[in-house]
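Report on the following structure.
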Amino acid sequence: MVERGVRFVQIYSGGMENARSWDGHGNIQKNHSQFAGETDQPIAGLLSDLEQRGLLKDTLVIWGGEFGRLPVSQLSGGKPTGRDHNPHAGCYWFAGGGSKGGTSYGETDEIGHKAAVNKVEIHDIHETILYLLGMDHKKLTYLHSGRRFRLTDVAGNVINDIVA
């Protein structure tokens, strides 16, 4: 699709009820092993194909979700097997499209509960994506009902350490 000029492609994994999505509240070991197994090789193949065809430098690949997982177990049937949503820490990775390969940015506290070093807000992630796509988020501001809106709300800074 990218070779044919499609500008935006979304590949979605999961999205059904908990047992058939990444939302592993019950048996996180089985759940995440299954979904990682279904996606690890295909995403590696996608990145290899893009690189081999000279498309990765101009194609931004983003992997992530809307939250992380808490570092404590949640009970399911009286057994600690799952982990609940964690709005305080999560993980995204970028490849190609002007992002800096091999870079890790940010850290959680010692138990993985909260972002602790180089904290990033979702607005910063959105601003970085827009920047890598060649857009200035401040130019996307519009007035609606007396309030200014934009894709990054009215916040966001480029995470320069992950930009090549």
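The values are calculated or read from the model by the stated rules, or taken from the named source; none is laboratory data. Note that the structure is a prediction, hence the values are computed from the model and not measured. Note: ideal-geometry Cβ built from the backbone for every residue, glycine included; neighbour counts use all protein chains shown.
Scanning for something at pLDDT 90 or above, among the polar types (S, T, N, Q) and surrounded by 13 or more Cβ atoms within 10 Å (Cβ to Cβ), does segment 136-154 turn up at least one residue?
Within segment 136-154 (the criterion being at pLDDT 90 or above, among the polar types (S, T, N, Q) and surrounded by 13 or more Cβ atoms within 10 Å (Cβ to Cβ)), the answer is no, since none of the residues qualifies.
Exactly one of these conditions fails for GLY24: (1) at pLDDT 95 or above; (2) farther than 22 Å from ILE125 by Cβ; (3) assigned to a loop (DSSP other than H, G, I, E, B). Give me its number.
(1)
Among the residues of segment 15-23, is there at least one that is over 19 Å from the mean Cα position of the chain (by Cα) and among the acidic types (Asp, Glu)?
yes
Would you confirm whether any residue within segment 77-84 is part of a strand (DSSP E or B) and within 25 Å of ASP161 (Cα to Cα)?
no
Any idea which residue in segment 29-78 is modelled with the highest pLDDT, counting only those that are within 25 Å of LEU130 (Cα to Cα) and among the aromatic types (Phe, Trp, Tyr)?
The qualifying residue modelled with the highest pLDDT is TRP63.
Pairs needed: first member in segment 28-42, under 13 Å from GLY82 (Cα atoms); second member anywhere, surrounded by 14 or more Cβ atoms within 10 Å (Cβ to Cβ) and of a type in the set (Phe, Trp, Tyr); C-beta distance under 8 Å; at least 6 residues apart or different chains.
Here the result reads ASN31/TRP22; HIS32/TRP22, each pair linking segment 28-42 to a residue that is surrounded by 14 or more Cβ atoms within 10 Å (Cβ to Cβ) and of a type in the set (Phe, Trp, Tyr).
Only one residue in LEU75, LEU46, LEU56, LEU70 is over 30 Å from VAL2 (Cβ atoms) and surrounded by 16 or more Cβ atoms within 10 Å (Cβ to Cβ), so which one is that?
LEU70
Please list, ordered by first then second residue, the pairs with beta carbon atoms under 6 Å, 6 or more apart or interchain, first in segment 150-164 and part of a helix (DSSP H, G or I), second surrounded by 12 or more Cβ atoms within 10 Å (Cβ to Cβ).
ASP161/TYR105; ILE162/SER99; ILE162/LYS100; ILE162/THR103; ILE162/TYR105
Among the residues of segment 106-149 satisfying the criterion of being in contact with a His (Cβ under 6 Å, 6 or more places away or on another chain) and outside the structural domain of VAL72 (by TED's automatic domain parsing), which is farthest from ASP84 (Cα to Cα)?
My answer is LEU130.
In the same structural domain as GLY26 (by TED's automatic domain parsing), touching a Leu at 6+ places or on another chain (Cβ under 6 Å) and part of a loop (DSSP other than H, G, I, E, B): is that true of GLY97 in this structure?
So GLY97 passes the test.
Checking VAL120 against (1) touching a helix residue (DSSP H, G or I) at 6+ places or on another chain (Cβ under 9 Å); (2) part of a helix (DSSP H, G or I), which test does it fail?
Among (1) touching a helix residue (DSSP H, G or I) at 6+ places or on another chain (Cβ under 9 Å); (2) part of a helix (DSSP H, G or I), VAL120 violates only (2).
Would you confirm, using the coordinates I've provided, whether THR103 is under 15 Å from the mean Cα position of the chain (by Cα), over 18 Å from ILE159 (Cα atoms) and of a type in the set (Val, Ile, Thr)?
no
Return yes or no: is THR103 part of a strand (DSSP E or B) and not assigned by TED's automatic domain parsing to the domain that holds ASN157?
no
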